[in-house]
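Peer 1: The following block contains the structure, expressed as structure tokens.
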Amino acid sequence: MDFDDLVKELVPPPNRAGKCAGDREHHLIKGAVMVAFAMHLPRTTSTREFRIHPDGEHGKRFDFARWLGGCGFERSSRSGRAVYGGGYTLPDGRRIVVDPASGKGDVVAEIDGVILSAECKGHHQY
């Protein structure tokens, strides 16, 4: 699976333009960080289901439904008012639940009886 499409190349503001290699900065917005980390979990743990809790701003900046669909996830349920809220399932049974709600942890999973709750941060690279 390729994650290069999560990185956005943007023109830097004048105060950072001289620090770039070339004329673009590489940005990984918070929604992209959430799905990248969530996609890492089933590769490195026994978890089969995990939850992403974006707030409204994350959903405006990142198209969760489109990206997950492009990775082979099929929309298996809908929930909440956000158009991207609901469950997304891979043919092998792994499942991501996108539950737009703040204050619940950005990525949450139960791994071997322990709850993992991770807060994600966006990043830009010069």
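The values are calculated or read from the model by the stated rules, or taken from the named source; none is laboratory data. Please read all numbers here as calculations on a predicted model, not as lab measurements. Cβ sites come from the backbone with ideal geometry, for glycine too, and all protein chains shown count toward neighbours. Each accessible area value is taken on the protein alone, full model and side chains, heavy atoms only, with ligands, DNA and RNA left out. Shrake-Rupley method; radii C 1.70, N 1.55, O 1.52, S 1.80 Å.
Peer 1: Looking at (1) under 16 Å from C120 (Cβ atoms); (2) without any contact (Cβ under 8 Å) to a residue 60 or more places away in the chain; (3) of a type outside the set (S, T, N, Q), find the lone condition where K60 falls short.
Peer 2: (1)
Peer 1: Looking at R94, R75, R81, which one is open to solvent by 30 Å² or more (accessible area, probe 1.4 Å), among the charged types (D, E, K, R) and under 21 Å from S117 (Cβ atoms)? Lay out the reasoning, then the answer.
Peer 2: Details: R75 fails: under 21 Å from S117 (Cβ atoms); R81 fails: under 21 Å from S117 (Cβ atoms).
Unique residue meeting the criteria: R94.
Peer 1: So in the stretch 3-43, with the set limited to residues that are more than 12 Å from the chain's Cα centre (by Cα) and of a type in the set (K, R), which one is least open to solvent (accessible area, probe 1.4 Å)?
Peer 2: Result: R16.
Peer 1: Okay, next question. Let me spell it out: the conditions are (1) open to solvent by less than 40 Å² (accessible area, probe 1.4 Å); (2) under 30 Å from P13 (Cα atoms), and E119 meets all of them except one. Which number is the exception?
Peer 2: With respect to (1) open to solvent by less than 40 Å² (accessible area, probe 1.4 Å); (2) under 30 Å from P13 (Cα atoms), E119 is out only on (1).
Peer 1: Ok, one more. Which one of the conditions (1) in contact with a strand residue (DSSP E or B) (Cβ under 9 Å, 6 or more places away or on another chain); (2) surrounded by 15 or more Cβ atoms within 10 Å (Cβ to Cβ) does D55 fail to meet, given that it meets all the rest?
Peer 2: Checking D55 against (1) in contact with a strand residue (DSSP E or B) (Cβ under 9 Å, 6 or more places away or on another chain); (2) surrounded by 15 or more Cβ atoms within 10 Å (Cβ to Cβ), the one that fails is (1).
Peer 1: Return the only residue of V108, V35 being farther than 17 Å from D4 by Cβ and in contact (Cβ under 8 Å) with a residue 24 or more places away in the chain.
Peer 2: On the way: V35 fails: farther than 17 Å from D4 by Cβ.
Result of the check over V108, V35: V108.
Peer 1: Same structure again: Checking the structure you have, find out if any residue of the stretch 45-60 is farther than 30 Å from L10 by Cα and within 13 Å of the chain's Cα centre (by Cα). Write out each step before concluding.
Peer 2: At the first step, the residues of the stretch 45-60 found to be farther than 30 Å from L10 by Cα are 45-50.
Applying the additional criterion that residues be within 13 Å of the chain's Cα centre (by Cα) yields 50.
Yes, that holds for at least one residue.
Peer 1: For the condition modelled with pLDDT of 90 or more and assigned to a loop (DSSP other than H, G, I, E, B), what is the one hit in G80, G103, G87, G93?
Peer 2: On the way: G80 fails: modelled with pLDDT of 90 or more; G103 fails: modelled with pLDDT of 90 or more; G87 fails: assigned to a loop (DSSP other than H, G, I, E, B).
That would be G93, the only listed residue that is modelled with pLDDT of 90 or more and assigned to a loop (DSSP other than H, G, I, E, B).
Peer 1: Out of curiosity, is K121 basic (K, R) and out of contact with any strand residue (DSSP E or B) (no Cβ under 9 Å at 6 or more places or on another chain)? Break it down into steps so the answer makes sense when it comes.
Peer 2: Values: basic (K, R): yes; out of contact with any strand residue (DSSP E or B) (no Cβ under 9 Å at 6 or more places or on another chain): yes.
So K121 passes the test.
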